[in-house]
Amino acid sequence: MVQTIFSDTIVALSTPPGAGALAVIRLSGPDAVAITAGIFSKKKLAEQPGHTLHYGTLRDPNSEAILDEVVVALYRAPRSFTREDVVEISCHGSDYVVRQVLAVLLRQGARLAEAGEFTKRAFLHGAMDLAQAEAVADLIAADSALSHRVALNQLRGGFSQELRELRARLVQFASLLELELDFGEEDVEFADRSGLARLLDEVRGVVADLLRSFELGNVIKNGITTVIAGRPNAGKSTLLNALLREERAIVSAIPGTTRDFIEDEVSLDGIRFRFVDTAGLRDNPADEVEAIGVQRTRQRVQQAALLLYLFDLAEMSPAEVQAEVAELTAGLQLPVLAVGNKRDRASASQLAAFGQPLALSGTLQLPVLLSAARKEGLEELQAALLGQVRGAGLEANASATIVTNVRHARALEAAAGYLAAVQQGLDLGLGTELLAADLRHALAALGEITGEISTDDLLTSIFTQFCIGK
Ligand code: GDP
């Protein structure tokens with residue numbers, strides 16, 4: 001455990017800014033209780049034990065004006081989130097009250113907390129490791145059942161535990177190798193080479209699984225960017241609207257990065273699909289559609305994880321659909337979902353034509369036929385969307401650890417690289433010294449994830465991504 005004693009007391013609003021029923025202002029540090037006691041009347045706060053609640057009034061000591069009636073929660077070090085004395089003041093959720101209370105607390109000697117500083121102190125005092133601290137931010141941002149579960153598992157130390165076990169096994173072996181080095185002159189082999197090879201295989205397998213899980217982790221955290229493309233009037237906007245209305249838990253409508261594109265999110269089975277409608281094309285004059293439109297759609301398609309190609313069943317032939325999809329995805333490795341719209345007004349022969357599989361992106365696929373306007377066939381579409389995710393092996397296994405953090409993925413990649421080098425060294429019969437060095441590097445990379453090995457720069461870059469008050 002890192003012994004870090006901070007002499008200053010930090011304060012911040014821990015609830016979102018703006019009017020609300022309540023706002024919580026949090027203090028942490030050696031003077032948290034004394035500073036609050038200085039403006040709190042009714043009880044002698046300084047004499048109260050930890051884990052207690054106190055109702056009273058806050059006064060500005062200069063003017064004696066009452067600021068608010070509040071409830072103060074008291075936590076004594078080390079039994080608190082940061083392991084320091086912590087006070088949480090629940091006051092009325094008005095911007096004015098919050099500003100006044102904060103101003104008085106600052107005058108009394110507290111300092112405004114930096115982004116993520118509470119969590120950083122918790123980490124530095126050993127209350128949690130780095131991966132758990134990062135999970136605090138993920139949990140706060142979690143907006144689907146799946147992202148919530150993954151963040152909570154990480155916060156509760158599931159991932160850290162897995163890494164600890166991994167490291168422990170490698171450390172054991174590294175120490176045997178180091179022992180050999182100490183006896184270098186005598187040419188002894190303590191470490192059984194075939195045992196090391198087996199262990200290495202196992203560990204590399206675990207690291208590879210974790211790395212693979214990052215693909216899913218990324219999907220859980222950031223969603224699957226799905227571009228809806230198709231000719232003007234195919235029904236793209238209608239379909240998007242229908243999908244959004246179907247889904248009760250719409251997360252948000254993100255303004256597109258460019259005004260031509262609208263992004264909306266729909267969460268299906270805990271997986272977020274970020275739909276990018278290429279609707280803006282329509283608004284261009286016909287001659288420009290060819291030039292700018294296709295080019296922009298192509299750009300969008302390049303950034304997509306999935307292409308939903310929508311066509312009007314009554315207007316296109318299977319050959320035309322295949323040709324347009326091929327043109328849009330030329331040179332790209334992109335899963336495609338072909339969707340025939342306006343089923344309600346298509347003729348029997350048109351429906352029959354699309355009852356055959358289409359050749360798309362190198363695979364044969366039966367298109368989904370639906371009517372966006374009548375909201376018929378949407379369930380088949382949702383099943384097909386999820387099928388694409390599962391087809392890519394991106395399925396959530398309830399018990400498996402899922403890596404969601406880019407930093408963790410990079411560290412795992414580095415560890416995988418060093419472990420591959422150890423493997424190669426073993427195969428080539430390289431000397432103990434070289435093996436031990438690569439093993440140490442692999443251990444260091446794994447240690448970076450939980451913060452067993454960390455630098456100030458790393459900590460700063462992690463915690464400044466938090467919000468103030470966390
Ligand atoms: P976009 O240009 O691809 O975004 O197409 P829109 O969503 O604006 O739709 C073009 C036209 O097709 C509109 O008049 C829609 O009402 C109509 N439309 C969309 N879906 C269907 C459908 O399932 N059946 C029928 N009959 N018309 C549809």
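The values are calculated or read from the model by the stated rules, or taken from the named source; none is laboratory data. All values reported here derive from a predicted model rather than from experimental measurement. Cβ sites come from the backbone with ideal geometry, for glycine too, and all protein chains shown count toward neighbours.
The number of residues in region 114-171 that are touching a strand residue (DSSP E or B) at 6+ places or on another chain (Cβ under 6 Å) and among the basic types (Lys, Arg) comes to 0.
Residues in region 361-381 that are away from the ligand (no atom under 16 Å from the Cβ) and in contact (Cβ under 8 Å) with a residue 12 or more places away in the chain were compared, and the one that is surrounded by the fewest Cβ atoms within 10 Å (Cβ to Cβ) is Gln365. Please find, within region 323-347, the residue that is modelled with the lowest pLDDT out of those that are more than 35 Å from the chain's Cα centre (by Cα) and either crowded, with 21+ Cβ neighbours inside 10 Å or away from the ligand (no atom under 16 Å from the Cβ) (or both). Looking at the filtered set, the residue picked out is Ala323. Which residues, counting only those in region 104-119, are surrounded by fewer than 22 Cβ atoms within 10 Å (Cβ to Cβ) and not in a loop (DSSP other than H, G, I, E, B)? Passing the criteria: Val104, Leu106, Arg107, Arg111, Leu112, Ala115. Out of all the residues in region 127-149, is one or more within 24 Å of Asn218 (Cα to Cα), acidic (Asp, Glu) and assigned to a helix (DSSP H, G or I)? Within region 127-149, one or more residues are within 24 Å of Asn218 (Cα to Cα), acidic (Asp, Glu) and assigned to a helix (DSSP H, G or I). Among the residues of region 257-273, those that are surrounded by 16 or more Cβ atoms within 10 Å (Cβ to Cβ) and either more than 16 Å from Leu385 (Cα to Cα) or modelled with pLDDT of 85 or more (or both) comprise Asp260, Phe261, Ile262, Glu263, Phe273. Report yes if some residue within region 211-225 is among the β-branched types (Val, Ile, Thr), within 16 Å of the ligand (Cβ to nearest atom), over 25 Å from Ala445 (Cβ atoms) and touching a Leu at 6+ places or on another chain (Cβ under 8 Å); otherwise report no. No, region 211-225 contains no residue that is among the β-branched types (Val, Ile, Thr), within 16 Å of the ligand (Cβ to nearest atom), over 25 Å from Ala445 (Cβ atoms) and touching a Leu at 6+ places or on another chain (Cβ under 8 Å). Listed by position, the strands (runs of 3 or more DSSP E) enclosed by region 23-103 that each have at least 3 residues that are of a type in the set (A, V, I, L, M, F, W, C) and within 31 Å of the chain's Cα centre (by Cα) are 86-93. For region 208-246, the tally of residues that are under 25 Å from the mean Cα position of the chain (by Cα) and assigned to a strand (DSSP E or B) stands at 5. Checking the stated criteria, Val207 turns out to be surrounded by 20 or more Cβ atoms within 10 Å (Cβ to Cβ), under 20 Å from Ala444 (Cβ atoms) and β-branched (Val, Ile, Thr). Report yes if Val2 is of a type outside the set (Asp, Glu) and at pLDDT below 95, otherwise no. Judged against the criteria, Val2 is a match.
Here is a check on your reading of the model: is Arg167 among the charged types (D, E, K, R), more than 30 Å from Arg272 (Cβ to Cβ) and surrounded by 14 or more Cβ atoms within 10 Å (Cβ to Cβ)? Yes: the conditions hold for Arg167. Of the numbered criteria (1) surrounded by 16 or more Cβ atoms within 10 Å (Cβ to Cβ); (2) free of Cβ contacts under 8 Å to residues at least 12 places away in the same chain; (3) of a type in the set (Asp, Glu), the one Glu64 fails is (1). Considering the conditions (1) touching an Asp or Glu at 6+ places or on another chain (Cβ under 9 Å); (2) closer than 24 Å to Asp129 by Cβ; (3) at pLDDT 95 or above, Arg79 is excluded by exactly one of them, (1).
Go through the residues of region 282-293 one by one and say whether even a single one is away from the ligand (no atom under 12 Å from the Cβ), at pLDDT below 75, exposed (fewer than 14 other Cβ atoms within 10 Å of the Cβ) and closer than 16 Å to Glu327 by Cα. Checked region 282-293: at least one residue is away from the ligand (no atom under 12 Å from the Cβ), at pLDDT below 75, exposed (fewer than 14 other Cβ atoms within 10 Å of the Cβ) and closer than 16 Å to Glu327 by Cα. With respect to the conditions (1) of a type in the set (A, V, I, L, M); (2) exposed (fewer than 15 other Cβ atoms within 10 Å of the Cβ); (3) at pLDDT below 85, Ala392 falls short on a single one, namely (2).
Do you know which residues across region 328-365 are closer than 17 Å to Glu380 by Cβ, part of a helix (DSSP H, G or I) and of a type in the set (A, V, I, L, M)? Answer for region 328-365, where residues must be closer than 17 Å to Glu380 by Cβ, part of a helix (DSSP H, G or I) and of a type in the set (A, V, I, L, M): just Leu351.
Only a single item in (1) under 18 Å from Ser237 (Cβ atoms); (2) assigned to a strand (DSSP E or B) is not met by Arg300, and it is number (2).
Within region 30-38, is even one residue surrounded by 18 or more Cβ atoms within 10 Å (Cβ to Cβ) and free of Cβ contacts under 8 Å to residues at least 40 places away in the same chain? Scanning region 30-38, I find at least one residue that is surrounded by 18 or more Cβ atoms within 10 Å (Cβ to Cβ) and free of Cβ contacts under 8 Å to residues at least 40 places away in the same chain, so the answer is yes. Against the test of being closer than 23 Å to Leu243 by Cβ and away from the ligand (no atom under 15 Å from the Cβ), the options Leu358, Leu308, Leu351 yield a single qualifying residue, Leu358.
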